[in-house]
Amino acid sequence: MVRVKATIRTRKFMTNRLLCRKQMVVDVLHPGRRVVAKTEIRDKLARMYKASKDTVFPFGFHTKFGGGRTTGFAVIYDTLAYAKRFEPKYRLVRAGLLEVKKVARKQRKERKNRMKKARGTAKAKLASASKKVRNLVLDVTWMWSVQMYVSLEGCVVCTAVHVT
């Protein structure tokens, strides 16, 4: 199968000094071809603007009706450090620059429900809780003292002590 070439043109080029990047609209002409991979667009833009591939982020591409032409957006950061600082996390994950740890759905739900029970700065403590049992002491009445132990699994164990 013969590989049909794609032509990449940029327009509306702008240097954004506040975010330390160059940003542009990218037009890809690809007659006789369905789509052009973002990795290919990234390589060609890096060559055109003399940048490394890690600092080029193409996104938001839409193929025109009838095919043959695709338009999207691209940003080229000055350095990789600026890219990691300013680029949204999901785009860093797409580019392979950031690793996302996968947390089980049940654990996320349990954590969310634990967070509902806390207020203010206690939420930060619950979010970064280590694998130890938290001890909450509540005075229910003047004669009874109730101790609640909340484990990381969300189980609540109560012990009531009669105070004389």
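The values are calculated or read from the model by the stated rules, or taken from the named source; none is laboratory data. Nothing here was measured: the structure is a model prediction, and the numbers come from that model. Surface areas here come from the heavy atoms of the whole protein model, side chains and all, with no ligands, DNA or RNA. Shrake-Rupley method; radii C 1.70, N 1.55, O 1.52, S 1.80 Å.
Mind ranking L92, L18, L80 by accessible surface for me, highest first, 1.4 Å probe?
Largest accessible area first, the list is L18, L80, L92.
Percent relative contact order of region 23-128, based on C-alpha pairs within less than 8 angstrom and at least six residues apart?
23 percent
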